[in-house]
Amino acid sequence: LEFAVQMSCHGCADAVRAALDAAPDVKLLELRPQEQSVLVETTAAAERVRELLENSGCRAVLKGMGGSPEGQWGSGGFWGGPEGV
């Protein structure tokens, strides 16, 4: 999941990191304060992650969702071609 998160200082970024680190089902992949962007991998609902982010004191909006590569096996897409494995 990718979120737009209003982070105006390093303290905000630290608060976001701490909020996500406290959630065992959320793995922080990228924290980019300058771009005001957070990328996570999670089994939790997007709304739950947004709430975690907002509990850090920063406004957050879901920008996008990605799928796992397992969902693409054998589909003829990126993973499904003869050279894709």
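Filtered by the rule that a residue be open to solvent by 40 Å² or more (accessible area, probe 1.4 Å), outside any loop (DSSP other than H, G, I, E, B), over 14 Å from GLY66 (Cβ atoms) and in contact (Cβ under 8 Å) with a residue 24 or more places away in the chain, the stretch 1-19 gives a lone residue, ALA18.
Keeping to the stretch 20-51, report how many residues are without any contact (Cβ under 8 Å) to a residue 12 or more places away in the chain and of a type in the set (S, T, N, Q). Total meeting the criteria: 1.
Annotation: LYS27 fulfils all but one of (1) at pLDDT 95 or above; (2) of a type in the set (D, E, K, R); (3) assigned to a helix (DSSP H, G or I); the unmet one is (3).
Restricted to the stretch 30-51, and to residues that are in a loop (DSSP other than H, G, I, E, B) and touching a strand residue (DSSP E or B) at 6+ places or on another chain (Cβ under 8 Å), which residue is surrounded by the most Cβ atoms within 10 Å (Cβ to Cβ)?
The selected residue is GLN36.
The values are calculated or read from the model by the stated rules, or taken from the named source; none is laboratory data. Not measured: the values here are computed from a predicted model. All Cβ positions, glycine included, derive from the backbone under ideal geometry; neighbour counts span all protein chains shown. When the accessible area is computed, the model is the full protein with side chains, heavy atoms only, and any ligands, DNA or RNA have been set aside. Shrake-Rupley method; radii C 1.70, N 1.55, O 1.52, S 1.80 Å.
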